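The values are calculated or read from the model by the stated rules, or taken from the named source; none is laboratory data. What you see is a predicted model, and the numbers here were worked out from it, not measured in a lab. Virtual Cβ from ideal backbone geometry, glycine too; neighbours counted across all protein chains shown.
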Amino acid sequence: MKVAEDLVLLAILAVSGLHGEAALRLDTGYRIDQANRMIVVDTATEIGRAVARVALTLATSEFGADAISVRRSHQAGEVHYASCRPAFGLRARSKRC
């Protein structure tokens, strides 16, 4: 999970270069779900969606496409990026379902 979290932090750094630190701090959030081996990224904003996209791209590069699956939550406004194996999971929240 440490590598997965580091990839999200790298994605946040990359997106801050495009949108600026203040906007990023206002519009981005994430949490670690150790029990389900997932990272939940809040994608209710365009900046949050950018972070999730970059993080997913980095994770796919690091772990391979077969290690990651994507599913939408039954809760309004959530998109889930989950792991097919315990190496990595990323769950993102979005207004678009």
Would you be able to tell me the number of residues in region 16-48 that are closer than 21 Å to Met1 by Cα and surrounded by 20 or more Cβ atoms within 10 Å (Cβ to Cβ)? 9
Being of a type in the set (Asp, Glu) and in a helix (DSSP H, G or I) is the filter; apply it to region 23-49 and report the residue that is modelled with the lowest pLDDT. Asp27
Residue match in region 50-71 (condition: in contact with a His (Cβ under 8 Å, 6 or more places away or on another chain) and modelled with pLDDT under 85): yes
